[in-house]
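See structure below.
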Amino acid sequence: MKIHLVCVLIGAALLQTKAAVYGQLINVSAKNISFKELIQKIERQSSYRFVYEDELIRSMRAQDVSFEQKDVREVLSTSIGDLPIQYEIIDNTIILKKGANQQQTKEIVGFVFDKEGAPVHNATVRVKGTFRASATNAQGRFAIGVLPGDKYIEISMLGYHTKELSVSSNLSHVVLDAVQYALDESVVTVQTGYRALTDAQLTGAVANINREDYDQRVAVSGNFLENLEGKLAGLVYNPQSNDLSIRGVSTFDAVRKPLIVLDGFPTEIDIQNINPNDIVSVNVLKDAAAASIYGSRASNGVIVIETKRGKMGVTKFNLRATTAIQPRPDFGYMNYAGSGALASILKDNLLIDKTAVRTEYTGKLMASTPVHEAVFDFKEGKITQTEMNAQVAALGDFDNLQQYKELFYRNALTNQIDFDLSGGSDKHTYLLGANYLGEWGDYIETDNKRILLNFASTHSLNRLMYLDFKGTYQNRKSNSPYRRVGINDFQPYERLVDEHGDALPVIWGVNTFGGSSRFSSIISGNNDLNIENGLYDQLYYPYADVFRANNKTNTSAVRFQARLNTKITSWLDFDFGGAYEDERNLVSSLKQEDFFDMRRLMNYRASKAPVTGRPIFDQLPKGDLLSRDNESIKSYTVRGQFNFNYSSPSKDHQLSGVVGSEIRRIENSNYLTSVFGYDGQTLIYTPIDFTAFNASQKPAFDTTLPNTSIPSVSYQNYFGENYDDRRFVSFYGDATYLYKNRYALTGSIRTDQSNLFGTDPQYRYKPFYSLGANWSIHQEEFMKDLDWVSLLKIRTAYGVNGNTPTSANGKYLILNSDINYTYFPFEKYYDVLSPENSSMRWERTATYNVGLDFALWKYRLSGSLDYYRKNSTDVIGLLSSDPTSGFNSYNANTATIVNNGFEMQVTSANIQHSGFSWKTQLTGSFNFNNVKEVMTAQPTGIEAQVPLVSQIEYVATRPIGALFAYNYVGLNEKGQPEIMDKNGNRRMVSTSASGGNTEITIEDMQYMGTTAPRHVIGLNNQFSLGQFDLSFLLMYYGGHVMRTQAPDPYVTNRSFLEEGLNYWKQAGDEATTDIPGFMVVGSPNYFNTYAKTGYTYANKFVKKADFIRLRDIVLTYRLKEDFTNRFKLSNTMVRFQIQNPLKYTFSDNSIDPDAINRATGARSLPRQAMYSISLYTNF
């Protein structure tokens, strides 16, 4: 169902049902009727709804009434007369209360305008100190009743400063002052999750975004982080690479991403459970003074999210609907080699390879490609070289790349609908919301559907107690192929479907994780014999196979939280609350009987009947294979805290803060089970013999089945269980002292206890803490004459927080249990995952921050500047140990990481007129990461044979993500690749027979830079002209590098670069090429694979990765209120959005740094531009 059709139908239905009932003038004529009958008459004629206690009006009768086209206030005032009833009108809700008669209420009328003289619609007018409120109409008019004791009214509106006026003042032309794109410090509040701080109380580094700026962009995919990119200095989120960090990375082993706090409590469940349309504010706590209240989980920063709550008044409905389309991926970016070039380079490989003879294929019952056949025929003297070359060249006449793209990829489509309703009284408020997200991926057979339900309520239980409750439920169902058919799963000249669209087989099979392989192939004639004998067809049909196995994920998650606040004194109250989360994931993997892997496995596990010679499928029964992995994440937090907020009578001294304790527990578990011979129709499956199932054996039909790549069966792939339990107990305190609203001092302390670490008291009870101060210079007397300075404040803070490890460590041996199924009876055994380590401790990060906040010319120009230094010690990593202890390495506190940086966030109201405005926001995050000192485990075993240049992770004095390369100087006269070593000598990386790490050191390499961006800049411009708004966001990522792929004649799949055809073939070629040729064992020109890394990891293949991307363009049209009011709609707008339409890479625009592995150079398909249209409306 198309989303725009849904929106039209919903809108039409709503307009039909609502337009007829919204008439605010009353016609009523009656004598001696009950008050309840009068209420019913008014409700039938208007949109007003009454709230009252039945006992209040049960026996009361209204005055005789006769009204024609009269306002409801006049009707009520006359009807009540001297009855002991009072009424309040809040939007379309009329609240009846017991009290003095309404005749004591005096109605006052006024008009509200902006500075340009335009009426302000929907401003809230409230009698100060009461819940009596009204709203202005389209003409700016309001009417509200006041009692004799009422002295002031307050007029407020989003985007304007609140105004307080005497009820006796002239209200005929009230002018509200607009906020100049920034809120001043008396009204800005920062939510830390534990309490709210005004800007005057803040000494730490915090970046925040309000609802208006957050809503500037549509989070089409349902990921709220998309709306934060480039908006908050210090937070770096790239929606293409999904990288998320705050002020760099400070750990190796522990959690790298920031802590997410939702409505005051940390969350462990998938952030996709957070409805982006429910978010009203986001605060990013960046330094220790802001975040150390979270202790051991705050080292990477904290993202605090506040979501909607209900609003007092008549029920309000909000609707948002979005539909988006994204074209097929751009395969041109991948630089895939054509079928002719791939056939040619494969021919060259086979000609040089002396072991590439027909018997190596047919003798082992494996199939060979047409290129192989041509080369074999040439080697055997059956054809000439010219004939061989002609046969190979003919294969380039057809290339299946376009066919592959059309068969396996499609345009992606996303639909999202969000709906909520809210309302309430002065005692209770409520909000109910629902969100639907449907995604159809760009690869066939992939889709995702998500439903989010949420409920929020507030309850004023009495004058001392207040309850806040929220609950969410999420259900997500996603489908994907068990194994995607990749571009390298077949030869480039093979047709995938016939003229009727039916799947065709290809020559070779496919590996378990993708990629064409001759070892899983079979000779076509032998395959025919097997089918005749009763075995399964063992050819690989790519286009059919993608439909024969799938993964289905069903996720259900609930989250409940509640907070009860009890007022103790005027300056002291107590909060008790908590949050509970439960996320269940059921991942079902179904491999149908005719799936390629299943057909091979069944054939190789079949027994042969002694008499008939026919196959017997006794070890592995016929049918499907269904595996189910049940995953569970449960967590709870229970918190109790005292909140104090004391002010001296003179208001010169203010002391506020919290003291409390919390308990937190996180449980992760999963169990995997599988059934064989499964029939999805009858739900029947067949038991199997695990001993035989797990055993390695020669196939019974070994004369026709290749004795290569025999499918292995591991019990652990089908059955298993894991459990992880992490518990925390914390005590904390946080306080702020504010003097004369100019000088602020802050301090916090927290101690975390956990079952994750050892028991050494030297480390166990170390607290996390912070100290901070600020000076509001603009409040000083000497600044009074500088009226162009609206805000000038200096902040400084120092503190220590921590991080939680992801690996298992602790005082005791940590074991992994398993069962050996090789023999019968089965034997239990244990592996030691980690040795005991009583001195393991939290990673600790000490942060120093100094900042400047400013606003000039009444906030026409405002912003903040911050410098920070983060010093992370006791960083957990792998450390080498004495092999006689039973371990080559173990986890320990081994390193120190330093992050220095500078951040800026500047907002400018460039032009601001009634008909046109232009606002610019610039954010900059500059982070310089450095591993100060580190002890690492030395490679052992097989890892010691892997090239050192590809293993380097953490090096002292270099950043995380450091990239090294060889100083490549080209080929020598033998065609061997050479580098320049640390002593300035030309040499090969390795000269031994096999190669190894002993011949080269890191000093022989060049440090090229880091793969992580050091500079991130966002430039956002917003234009408003009449009913239109236009915005665009430019993102710059720079200061980092990327490795690119080296042309290599040994690459024979689609990743082959055609420049690789110009490889070294004979002496003298080194003058025209620096691409090494083939390594011929026994020849004087031989060099080993390790030596070749001098070329493949050469400095010439490292480029700067700086790029700029136009992240989005958003055009919004806001329908005029005088039009939408006819249908009782408000704030109606249509929004068009384009995401990622353009990018420019400074070093090489043919490369997208977001679509390449910057460490290896492997490319991936880039994300295409996404086009969306959205409808917003309220009613």
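Could you list, in sequence order, the residues of region 516-532 that are surrounded by 15 or more Cβ atoms within 10 Å (Cβ to Cβ) and within 12 Å of F701 (Cα to Cα)? Passing the criteria: N526, N527, N530.
Suppose we keep only residues that are not polar (S, T, N, Q) and not in a strand (DSSP E or B) within region 445-472. Which one would you say is surrounded by the most Cβ atoms within 10 Å (Cβ to Cβ)? Once the filter is applied, the top-ranked residue is E445.
In this structure, D1074 qualifies as acidic (D, E) and within 20 Å of S1055 (Cβ to Cβ). Only residues that are part of a loop (DSSP other than H, G, I, E, B), over 36 Å from the mean Cα position of the chain (by Cα) and touching a residue at least 12 places away in the same chain (Cβ under 8 Å) were counted across region 946-985, and they come to 8. Determine whether region 659-670 contains at least one residue that is touching a residue at least 12 places away in the same chain (Cβ under 8 Å), surrounded by fewer than 17 Cβ atoms within 10 Å (Cβ to Cβ) and either in contact with a His (Cβ under 8 Å, 6 or more places away or on another chain) or among the small types (G, A, S) (or both). Scanning region 659-670 turns up at least one residue that is touching a residue at least 12 places away in the same chain (Cβ under 8 Å), surrounded by fewer than 17 Cβ atoms within 10 Å (Cβ to Cβ) and either in contact with a His (Cβ under 8 Å, 6 or more places away or on another chain) or among the small types (G, A, S) (or both).
Residues in region 351-390 that are hydroxyl-bearing (S, T, Y) and over 53 Å from the mean Cα position of the chain (by Cα): how many? Count: 2. Listed here are the strands (runs of 3 or more DSSP E) enclosed by region 226-332 that have at least 3 residues being of a type outside the set (A, V, I, L, M): 313-326. The residue that is surrounded by the most Cβ atoms within 10 Å (Cβ to Cβ), counting only those in region 671-717 that are among the hydroxyl-bearing types (S, T, Y) and farther than 30 Å from L365 by Cα, is Y678. Scanning region 104-120 finds no residues that are part of a strand (DSSP E or B), at pLDDT below 75 and basic (K, R).
Within region 499-510, being under 14 Å from D597 (Cβ atoms) and either among the small types (G, A, S) or free of Cβ contacts under 8 Å to residues at least 40 places away in the same chain (or both) holds for one residue alone: G509.
Residues are listed down the side, and each one gets a yes or a no for (1) of a type in the set (S, T, N, Q); (2) under 20 Å from N1020 (Cα atoms):
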residue: I1075; (1), (2): no, no
residue: L1115; (1), (2): no, yes
residue: R1118; (1), (2): no, no
residue: S1147; (1), (2): yes, no
residue: A1155; (1), (2): no, no
residue: A1169; (1), (2): no, yes
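Looking at region 15-30 only, could you name the residues that are at pLDDT below 75 and either touching a strand residue (DSSP E or B) at 6+ places or on another chain (Cβ under 8 Å) or not in a loop (DSSP other than H, G, I, E, B) (or both)? Those that are at pLDDT below 75 and either touching a strand residue (DSSP E or B) at 6+ places or on another chain (Cβ under 8 Å) or not in a loop (DSSP other than H, G, I, E, B) (or both): L15, Q16, T17, K18, A19, Q24, L25, A30.
If you filter region 1124-1143 down to residues that are of a type outside the set (S, T, N, Q) and over 24 Å from the mean Cα position of the chain (by Cα), you find that the one that is surrounded by the fewest Cβ atoms within 10 Å (Cβ to Cβ) is R1126. From the list E380, E445, the one residue that fits, being under 30 Å from Q538 (Cβ atoms), in contact (Cβ under 8 Å) with a residue 12 or more places away in the chain and touching a strand residue (DSSP E or B) at 6+ places or on another chain (Cβ under 7 Å), is E445. When we screen P276, P266 for residues that are of a type outside the set (F, W, Y), touching a Phe, Trp or Tyr at 6+ places or on another chain (Cβ under 9 Å) and over 24 Å from E212 (Cβ atoms), the only hit is P266. Considering only region 1076-1115, how many residues are surrounded by fewer than 21 Cβ atoms within 10 Å (Cβ to Cβ), modelled with pLDDT of 95 or more and of a type in the set (A, V, I, L, M, F, W, C)? Final tally of qualifying residues: 6.
Here are the criteria: (1) exposed (fewer than 15 other Cβ atoms within 10 Å of the Cβ); (2) not in a strand (DSSP E or B). Tell me which single one N554 does not satisfy. If we test N554 against (1) exposed (fewer than 15 other Cβ atoms within 10 Å of the Cβ); (2) not in a strand (DSSP E or B), just (2) comes out false. Of the residues screened, D594 is not one that is farther than 24 Å from L626 by Cβ and either surrounded by 17 or more Cβ atoms within 10 Å (Cβ to Cβ) or charged (D, E, K, R) (or both). Whether any residue in region 720-731 is out of contact with any Ser or Thr (no Cβ under 6 Å at 6 or more places or on another chain), modelled with pLDDT of 85 or more, under 30 Å from N670 (Cα atoms) and crowded, with 18+ Cβ neighbours inside 10 Å is what I want to check. Scanning region 720-731 turns up at least one residue that is out of contact with any Ser or Thr (no Cβ under 6 Å at 6 or more places or on another chain), modelled with pLDDT of 85 or more, under 30 Å from N670 (Cα atoms) and crowded, with 18+ Cβ neighbours inside 10 Å. The single condition among (1) in contact with a strand residue (DSSP E or B) (Cβ under 7 Å, 6 or more places away or on another chain); (2) under 30 Å from T359 (Cβ atoms) that R605 does not satisfy is (1). Any residue at all in region 199-208 that's at pLDDT 85 or above, under 30 Å from T322 (Cβ atoms) and either buried (at least 16 other Cβ atoms within 10 Å of the Cβ) or outside the structural domain of P266 (by the TED database) (or both)? Checked against the condition, which is being at pLDDT 85 or above, under 30 Å from T322 (Cβ atoms) and either buried (at least 16 other Cβ atoms within 10 Å of the Cβ) or outside the structural domain of P266 (by the TED database) (or both), region 199-208 yields at least one hit. Could you list, in sequence order, all residues of region 585-621 that are assigned to a loop (DSSP other than H, G, I, E, B) and of a type in the set (A, V, I, L, M, F, W, C)? F595, A606, A609, V611, F617, L620 - these are the residues of region 585-621 that are assigned to a loop (DSSP other than H, G, I, E, B) and of a type in the set (A, V, I, L, M, F, W, C). Counting only helices (runs of 4 or more DSSP H) that sit wholly inside region 33-81, those with at least 2 residues that are out of contact with any Phe, Trp or Tyr (no Cβ under 8 Å at 6 or more places or on another chain) and free of Cβ contacts under 8 Å to residues at least 40 places away in the same chain are 35-45, 54-57.
Number of residues in region 847-857 that are over 13 Å from V906 (Cβ atoms) and buried (at least 20 other Cβ atoms within 10 Å of the Cβ): the value is 3. If I filter region 415-435 for residues that are within 30 Å of S1055 (Cα to Cα) and at pLDDT 95 or above, do I get at least one hit? No: zero hits.
The values are calculated or read from the model by the stated rules, or taken from the named source; none is laboratory data. No experiment lies behind these values; they were computed from the predicted model shown. Cβ sites come from the backbone with ideal geometry, for glycine too, and all protein chains shown count toward neighbours.
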